[in-house]
Amino acid sequence: MIYPKNIIYKDVVKKFEGKREKVTALKGVSFEINQGELFCLLGPSGCGKTTLLRISAGLESLTSGQIFYGEKDITSIPPFRRNIGMVFQSFALYPHMNIFENVAYGLRVRKKPEDFIKKKVTEIMELVGLPDVLRRNPSPTALSGGQQQRIAIARALVYDPEILFLDEPLASLDAKLRRYMRAEIRRIQKATNITTIYVTHDQEEAMAIGDRLAIMNTGLVEQIGSSDKIYHQPENMFVANFIGKMNFFPATILEIQGNHCKVKLEYNQKMMDLFFETNQIRTRKINQGEKVILGSRPESLTINKNDGKNLLTGRIQIIQNLGKIVRYEVSLLQDAKSKLIEVDMEKKLAGVKEGDEVCINFRKKSTLLFPGKKVL
Amino acid sequence: MSVIKNLKRFTIEQTKKDYTPYLILSIPLLFLIIFLVWPLGISIGKAFVLKGKELIWDNFTLANFQRFFTSSMYQKSLRNSFVISFTVVLFTLIIGAPMGYFVARVEMPFKKLILALGILPIITPAFVGAFSWVILLGRQGVVRYAVNKVLGLVGLSLPPIYGLFGIIFTMSLTYLPFVFLLSYGAFKSTNPLLEESAMIMGAGHSRILRTITIPLILPSLGAAAILVFIRAMGNFGIPAVLGGQQYVLPTLIHFRVHGFWDLNGASAIAIISVAIVIIALVIQKKVVSAREYETISTATSEYKLHKHLLTKVIAILYCSLVLIISLAPQITIITMSFFKQWIGFLPSGFTLENYRIIPQIASKTIKNSFFLATSASLLTALIGTLAAYITERRRPKGAMLIDFTIMTPFVLPGIVVSVALLSAFSSGPINISGTFLILIISFMVRRTPYVFRSVAASLTQLDEALEESSIISGASWFYTFRRVTFPLILPGIIAGTILTFATLLQELSTTILLYSARTQTLPIQIYNTVAEGNFGIASALSVLLIVTVFIMVYLMNIFLGDSGSSSFKLG
């Protein structure tokens, strides 16, 4: 039986001393992971997510700060005394042992009796969906990538660890298998209810699998929350831009009336009315006359044929038909140097082709507001 | 976060660190300090003090080095060493690189055989090669006899092989395999897509060779060149057999120690010869590192081999010629071992007596050789493996320094190692000169790099996650090492150990200063038998030695596949 533990990070700092320079991989990270939660660490490469995972497992020491499993301060406890499990990106199956011995390894370390080991291994192999593999019991190299993945998970779970660590576990699988396995991992995690930390750089994977996510950047946690919250209410421009696509427009707030705002776009000094959800104006402490950045997801923008009266005019550069949606990449006429604006439409606009002029409109309710003057 | 405040104190037992790795891993460090760093230090100190004087600051003198300016024998030795080493590097590059290219890039039969025979000269003891050339090209040598019959018609004659020419000739043939194997590997492993893309962009064959192929294999050629240079500088056997009045630095060191028991003078010569090697190494690093490239693409394909008939004929003829010349020593030795003497065109007096008397005259030296090689290679395996593990896995602050220290004997001529060990351990509180122990230590010091490199290579290839995963599963460091790391690096350990054993069996340049009547080895006996002029018996003993070494290497190749013979690039 697994008794899930929560994990608490308190001011975790990690500095690496390189040959020439010191690199601060983690710049003071504090948060809590709940019992039985599947928690994703997500961020671009070099953001410190793998370092944080390895520190959590005890594979790296921390420069300062504390980590708790439940009520235990495990900061200075070596990993082999922690009762944890880990699945590595390369799976790290032992090539010189057969499948049974690979899975049984942690139990042998714990000097469990032979019939107990047999029972546990059989159980766990059923849980990961490979009950038949034990009959042939081949060397791990004879298995497919997906099967190796399941064996690695079985090996990490068989001795009932308190916490499970997954370090980019799907990175070495092909795209189709990846989507299938991530559902499997979630099923197994929910079945055992073990507190799990899952590191990935793939935002779609993290959104799909995690109960909650931490978005990391340059050694700091930018935002923690559910997939839904992070997608629809990103706390800053980094998160907004990292999760999905976000179009940014510098603007000035002219007038605030409740959730209604009158804003002036920098591009062409034109004005428009916007309605901001969830009291963004109040929580971000934005005042009248202040310069801000407006953020809009591709699906929150629309385009139609240029009739000359509209707010933003642009020229279509590329049209991509992605099946469910049609994506238009549009360059602004007023500012040729700006990034291309992405607009997702449900249907292809009749009679509009690449090179045509169109106008872009905001859907009233779903625009986001970020303090600051410069687009990230 | 309120949880943090009511923490339970953790028992000491659980936070206790695991100190076993530190204890076990200090073994190789202690060994290196006591038997390598310390003796080298003493030896360097002695070089600045006159013979018989105490090692204190008041006795400081440069007199031992002054001989390089005053004695013509010293000057000539220095010059000889230079000339020989550079010429040998040049010859091996000119002869070996084309051979590597042919075998790698031209379609021809018997490639495996050529590669297998190609390494024979390295696994044959160098001094055995030298004395076989005496049989062929010496004063009464058979080839010289035949050639002179022809040359005599026009009033010319081929000089005997003794002297500089003979040393250069024999050394070039001995060290040819380094260049051959390394350039073969380089020609085979550069990405063919690079050459193909040049071809598609319109470059001709000679342009591709000049602008793509050669620049890419230059680092390998540089590595081969420095390897040959280091060995040519340190080789004792060949100049000792063929040098006559021509001394080189290693034979000069031997002369100083053997003739005068002047370790101080010998140390000075050793310093000079090591300094030359280090300067060469630095120059090579400078030249090569500026031209070292990393392959960017991961996609590779197989080379299309040259199939033009003329190219094939040239390649086959060239390789056969080189092989015949470089295998002549082995053939000569085997033939000689069945005859009493070989003066004039044909050997005379067929006999099995040379072999029959081996048990009588050589049972002690054979036993010594096997005992020394076995115990030294097992101990070397232990030290080398632990040292490789430290630098690869623990990565302590001084990892670079450990790496450097272990690799030092690699550039030290064997005779320099013996001078250092004698300087530290032949007088004073610890006197082990003339014992088996000093031989075993010298062997270990010299061969640790072999095991170290071999195991370090296995460790680099071993995914560290395997060990981390074991630790995470709850296994201690020792359990992990025993159940995961050790079984997986075992092939590397075995390869390094067999290589060590095979080379130790034929070790001469370290042993020559350290052996005593009690600890005489087989190579020493062969060397002395050659000196006595008893070529038949020397040949029979050499055949015994070569066959044993060959079987070892063959077994290793079976055990490890192709990678076995390529590890000879190291040694």
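Before moving on, here are some points about what is shown:
- Residue B:551-residue B:116 pseudo-label distance in nm [points 7 Å out on the Cα-to-Cβ vector]: 1.7
- Under Stokes-Einstein, with the Kirkwood radius over Cα pairs as Rh, the value for segment B:338-462 at 37 °C and 0.692 mPa s is 186 µm²/s.
- Reducing segment A:35-70 and segment A:87-133 to their Cα centroids gives an inter-centroid distance of 26 Å.
- Annotation for residue A:126 and residue B:210: the two label points, set 7 Å from Cα along the Cα-Cβ direction, are 7.5 nm apart.
- Cα-based Rg / Dmax (Å) for segment A:201-263: 14.3, 41
- Inverse mean reciprocal Cα-Cα distance (Kirkwood Rh) of segment A:106-161, Å: 11.6
- Rounded to whole Hz, the Karplus (6.51, -1.76, 1.60) HN-Hα couplings of segment A:290-298, x for glycine and proline: 7, 7, 9, 10, 8, x, 9, 5, x
- Value of relative contact order over segment B:180-274, rounded to a whole percent, pairs C-alpha under 8 Å and six or more apart: 20
- For chain B, the Kirkwood hydrodynamic radius from C-alpha pairs, put into Stokes-Einstein at 20 °C and a viscosity of 1.002 mPa s, yields a diffusion coefficient of 83 µm² per second.
- Per-pair calculated FRET efficiency, R0 = 60 Å: residue A:35 and residue A:262 via Cβ, rounded to 0.05: 0.80
- For chain A, the membrane-span-like helices by this rule, meaning whole DSSP H stretches whose C-alpha atoms cover at least 15 Å of axis and whose Kyte-Doolittle mean is 0.0 or above, are A:99-109; this says nothing about an actual membrane.
- Segment A:245-371, Cα convex hull volume normalised per residue, Å³: 102
- Structure note, pairs A:285/A:374; A:270/A:324; A:264/A:374; A:262/A:291: Cα-Cα distances above 23 angstrom occur for A:270/A:324.
- Mean projected area of the convex hull spanned by the Cα atoms of chain A, taken over all viewing directions: 23.2 nm².
- Among the trypsin sites (Lys or Arg not before Pro) in segment A:314-357, those placed in a DSSP loop whose Cβ has at most 10 other Cβ atoms within 10 Å are A:324, A:337, A:347, A:353.
- Where only alpha carbons of segment B:251-377 are counted, the Rg and the Dmax (Å): 25.2, 64
- Semi-axes of the equivalent ellipsoid for segment B:497-539, computed as √(5λ) from the eigenvalues of its C-alpha gyration tensor and ordered from largest down, come to 20, 14, 8 Å.
- For a label point 7 Å along the Cα-to-beta-carbon line of residue B:82, residues of segment B:269-287 with backbone N under 18 Å: B:269-284
- Alpha-carbon centroid distance for the pair segment B:97-152 / segment B:162-219, whole angstrom: 20
- Shielding of B:472-485 by partner chains, average beta-carbon count, 10 Å: 6
- log₁₀ of I(q)/I(0) at q = 0.12, 0.15, 0.22 Å⁻¹ - segment B:98-171, Debye sum with one point per alpha carbon: -0.51, -0.71, -0.92
- Per-residue Karplus couplings for segment B:368-381, computed as 6.51 cos²θ - 1.76 cosθ + 1.60 with θ equal to phi - 60°, are listed in order as 4, 4, 5, 4, 5, 5, 5, 5, 5, 6, 5, 5, 4, 4 Hz, Gly and Pro entered as x.
- Annotation: the residues A:132, B:463, sorted from fewest to most other C-beta atoms within 10 Å of their own C-beta, follow the order A:132, B:463.
- Efficiency of FRET between residue B:334 and residue B:283 - r from beta-carbon atoms, R0 60 angstrom, step 0.05: 0.90
- Estimated purely from DSSP H runs of n ≥ 4, each contributing -39500 (n - 2.57), the mean residue ellipticity at 222 nm for the protein assembly as shown is -16500 deg cm²/dmol once divided by its residues.
- Here A:64, B:337, A:144 are placed in order of increasing Cβ neighbour count within 10 Å, fewest first, which gives A:144, A:64, B:337.
- Burial ordering of B:552, A:86, fewest other beta-carbon atoms within 10 Å first: B:552, A:86
- Across all C-alpha atoms in segment A:71-221, the radius of gyration and Dmax reach 15.7, 49 Å.
- Computed log₁₀ I(q)/I(0) - Debye formula, equal Cα scatterers, no solvent, the protein assembly as shown, q 0.10 Å⁻¹: -1.19
- When each of A:229/A:339; A:337/A:373; B:112/B:286 is checked by Cα-Cα distance, pairs over 28 Å: B:112/B:286
- Per residue, the average separation of C-alpha pairs within less than 8 Å and at least 6 apart gives segment A:7-240 a relative contact order of 29 percent.
- Spacing of the modelled spin labels on residue B:189 and residue B:357, each 7 Å from Cα toward Cβ, amounts to 4.9 nm.
- Whole-Å distance, taken between Cα centres, linking segment A:142-180 and segment B:349-388: 52
- Counting only aspartates and glutamates at least 8 places from residue A:10 when in the same chain, those with an alpha carbon closer than 20 Å to its own are A:32, A:37, A:60, A:71, A:73, A:162, A:222.
Laboratory data are not the source of any read-out in this text; all were calculated from the coordinates shown. As the structure is a prediction and not an experimental result, all values here were calculated from the model. For neighbour counting, all protein chains shown are included, and Cβ atoms are generated from backbone atoms with ideal geometry for every residue, glycine included.
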